Amino acid sequence: MGFQTEFNSVCKFKSEQELYELLEYGKGKMVKSGFRVYPTGQKVIAYTPNNEAIAIVRISASIAEINFQGEEVTQVEMELIRKLTDEEARVQTALAYEMFFGERN
């Protein structure tokens, strides 16, 4: 058991539904496995499950807990600041592959 810190200012969604709710309602949450620390109050880039930059969000809460199944999980609550323009998304996606995600297939 231990915490993993998310220093890289990246919020990567694994679920299309969680991402849809954020974009549709302006607020949302995602659940990540393991205990993690997200920078509450900080703006970060949100990425789709396909590793594409899509928006700027502000982390409003990061709650690490053990769920009813006994799994360590972290719920990250956020609010949408704005969607990225096509050009911003292209540049941020390219940078993320170089810095975080590795080579594209």
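The values are calculated or read from the model by the stated rules, or taken from the named source; none is laboratory data. On a predicted model such as this, the values are computed, not experimentally measured, just so you know. Quick reminder, even Gly has a Cβ in these numbers, built from the backbone with ideal geometry, and neighbours come from all protein chains shown. The area values use the complete protein model at the heavy-atom level, side chains included, leaving out ligands, DNA and RNA. Shrake-Rupley method; radii C 1.70, N 1.55, O 1.52, S 1.80 Å.
Summary table
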quantity: Top-ranked residue of segment 52-94 - restricted to ones that are assigned to a loop (DSSP other than H, G, I, E, B) and under 17 Å from TYR20 (Cβ atoms), ranked as most open to solvent (accessible area, probe 1.4 Å); calculated: GLU52
quantity: Residue in segment 64-84 that is closer than 14 Å to LYS12 by Cα and of a type in the set (Lys, Arg) present; calculated: no
quantity: Segment 65-86 residues that are within 13 Å of GLY28 (Cα to Cα), paired with ones that are assigned to a strand (DSSP E or B) and of a type in the set (Gly, Ala, Ser) (beta carbon under 7 Å, 6 or more apart); calculated: VAL76/SER62; GLU77/SER60; GLU77/ALA61; MET78/GLY28; MET78/SER60; GLU79/SER60; LEU80/ALA55
